[in-house]
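Asker: Input: one structure, supplied below.
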Amino acid sequence: MFVVLVYDVNVKRIPHVRKVCGKYLYWVQNSVFEGELPEEKLEKLVREIRKIIDEEEDSIVIFKFRYKHMVRKRLLGKDKSEGGSDYIL
């Protein structure tokens, strides 16, 4: 499945969340990661993030799509992603 993960966490936890997300997904821009992940790896990512965040203060949003081609993304401005832009429209 294709995953887009967006986070809004306390500044002291940002480097830790970013590091964990970077193990599984490509960095797109500040607080945004995306990539292909099987369900079991997504659940592993979620478990790792839960160990870092404060669920009373922080927020993680994960969008799941069955297939990458079902996602339409439009970029305005500079592409900051590490994962390439082969499917940016």
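The values are calculated or read from the model by the stated rules, or taken from the named source; none is laboratory data. Not measured: the values here are computed from a predicted model. When we count neighbours, we look across all protein chains shown, and the Cβ atoms used for this are built from the backbone with ideal geometry, even at glycine.
Asker: Kindly evaluate Arg47 against the criterion of being charged (D, E, K, R), surrounded by fewer than 12 Cβ atoms within 10 Å (Cβ to Cβ) and outside any loop (DSSP other than H, G, I, E, B).
Answerer: Considered against the rule, which asks whether it is charged (D, E, K, R), surrounded by fewer than 12 Cβ atoms within 10 Å (Cβ to Cβ) and outside any loop (DSSP other than H, G, I, E, B), Arg47 comes out as yes.
Asker: Out of Val61, Val3, which single residue is surrounded by 15 or more Cβ atoms within 10 Å (Cβ to Cβ) and among the hydrophobic types (A, V, I, L, M, F, W, C)?
Answerer: Of Val61, Val3, the one residue that is surrounded by 15 or more Cβ atoms within 10 Å (Cβ to Cβ) and among the hydrophobic types (A, V, I, L, M, F, W, C) is Val3.
Asker: Would you be able to say whether some residue in region 15-33 is more than 18 Å from Ser81 (Cα to Cα) and surrounded by 11 or more Cβ atoms within 10 Å (Cβ to Cβ)?
Answerer: Yes: one or more hits.
Asker: Okay, next question. Can you name every residue in region 3-37 that is more than 10 Å from the chain's Cα centre (by Cα) and under 16 Å from Phe63 (Cβ atoms)?
Answerer: Asp8, Glu36, Leu37
Asker: Right, Asp58: free of Cβ contacts under 8 Å to residues at least 60 places away in the same chain and out of contact with any Lys or Arg (no Cβ under 7 Å at 6 or more places or on another chain) or not?
Answerer: So Asp58 fails the test.
Asker: Same structure again: Within region 1-44, track down each residue that is basic (Lys, Arg) and either on the phi > 0 side of the Ramachandran plot or outside any helix (DSSP H, G or I) (or both).
Answerer: If the condition is that a residue be basic (Lys, Arg) and either on the phi > 0 side of the Ramachandran plot or outside any helix (DSSP H, G or I) (or both), then Lys12, Arg13 are the ones that fit.
Asker: Sticking with this structure for a sec: Among residues belonging to region 50-78 that are aliphatic (A, V, I, L, M) and assigned to a loop (DSSP other than H, G, I, E, B), point out the one that is modelled with the highest pLDDT.
Answerer: Ile53
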